[in-house]
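Below is one structure, written out as structure tokens; comments come after it.
Since every read-out is calculated from the coordinates, none of them should be taken as a lab result. Just so we're clear, the structure is a prediction, and the values are computed from it rather than from any experiment. In this analysis, Cβ positions are derived from the backbone assuming ideal geometry, glycine residues included, and neighbour counts consider all displayed protein chains.
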Amino acid sequence: MPNTHASGAGTWILGDRSVNRVGLGAMRLTGSAAFDLGVPSDRRTSIQVLRRAVELGVNHIDTASFYFSRMRSANELINTALAPYGEDLVIVTKVGPGRDPSGDWYTATPGQLRGQVEENLRQLGRDHLDVVNFRRMSEGSVSDHFGALAELRDAGMIRHLGVSNVTAQHLAEAQAIAPVVCVQNRFSLDVPGDGELLRHCGEQGIAFVPFFAIAGEGRDGGAGAGGAESAHVRAVADAHDASPAQVRLAWTLQQGRHVLAIPGTGNPVHLEENVAAGALHLTGEEMALLGTAVR
């Protein structure tokens, strides 16, 4: 497939700004697996990927302060590569999970969310965050955590709020407190997740943002989409002179106009391929062959 612009899949209003539906996930910029402290990325290559992404029209970047490996921080790379930020660039962060300087994980209490928001602000060099997702890490209601973020939004530290790893009930709890502009959940060809929630978001004009859209079943540890590929995916890829990863992204984007892709990569070649996938249209027969998750 030829290189193209990130607008190839169209646009969606995220919060109060239009973004191209193909964005970039920043987790892989820090190394082969962002949660592995032992494998830092090549700094110059990561900066090159970020700048090239913007050149290709990517204006939606997903990141978090806990995206770091030994010697690399996704937020710091974004700040170095892209500041001063363009007016059309939407940087989405997430809070809830946290990592201390040694890399050990913790789950934030509602009272700790302000510190996580401030850390994202500091690392990105901004005085506000465009969108902050609360990523649910435990059972029970999200109301207390989301309420704490709503207070930070009212204080001007955050412009818009989203939720991640949630059910329809969690979404309703959050919406009772403040508007929700996006839902970020696991969703892919192999792990279709909650199609009803995806449809519900579309009906309400809420962006649905899948994570691990390229990675297949069992490949969610940041290791990418390596491994055996299904015969159906390979057949569709061959028909379009595309890669299996491009087919997976195209399938994801065709689940609804409100679906936004944030494929993560630290590889300049893969970046170009991911952006080009936005212009790949799969036929109804091909979608049926792959197994349309949203029924």
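Across the chain, Cα pairs under 8 Å and at least six residues apart give a relative contact order of 22 percent. Judged by the ratio a/c of the largest to the smallest principal axis of the C-alpha gyration tensor, the range 1-132 counts as oblate, that ratio being 1.5 or greater while a/b is no larger than b/c. Beta bridges from DSSP with both residues in the chain: antiparallel share about 25 percent, rounded to the nearest 5. In a reduced charge model with +1 at each Lys and Arg Cβ and -1 at each Asp and Glu Cβ, the chain shows a dipole moment near 380 debye about its Cα centre. Distant-in-sequence amide contacts of S41, defined by a placed amide H-H separation under 5 Å and a gap of 5 or more residues or a different chain, comprise G31.
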